[in-house]
Amino acid sequence: MPIVVDIDVMLARRKMSVGELAERVGITPANLAVLKNGRAKAVRFATLAALCEVLDCQPGELLRWEAADELDGLPAQDAPVPR
C-alpha cells in the first residue's frame, strides 16, 4: 500500500508503549496494531486526531505516501492490487 504508517517511530520518540497509546486514544491494542502494521484499510479522522493529540504531533508525522510503482519495479498502473 502506498500509505505508510509511522506510529512506531512516534511511539519510540515519546517513549510510549502500544498499550498506553491505545488506552489513551480509546481504541483496542489489536486495532492499534492493525493500524501500526499497515494492515488497516481506513482510519477515522477522529482516531487520527486522537493519535495526534496524545502523541503531540501532526498527521503528516504519522502518515506518509510512497509511490506504488516501487512495488516489484512495476509502473503504478501495472502494480498488483493487494487482496
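Relative to a virtual label point 7 Å from the Cα of Glu66 in the Cα→beta-carbon direction, which members of region 1-38 show backbone nitrogen distances below 14 Å?
What the label zone holds, given the 14 Å backbone N cut-off, is 1-9, 37-38.
Quick one: give the max-minus-min coordinate of the C-alpha atoms of region 3-64 along each principal axis, largest first, in Å.
25, 22, 19
Could you work out the relative contact order of region 3-64, using alpha carbon pairs under 8 angstrom and six or more residues apart, expressed as a whole percent?
Details: 48 pairs, mean separation 31.5, N = 62.
RCO, region 3-64: 51 percent.
Each reported figure results from applying straightforward, stated rules to the coordinates on display, with no laboratory input. Keep in mind it's a predicted model, so treat the numbers as computed, not measured. Cβ: placed from backbone, ideal geometry, glycine included. Neighbour counts: every protein chain shown.
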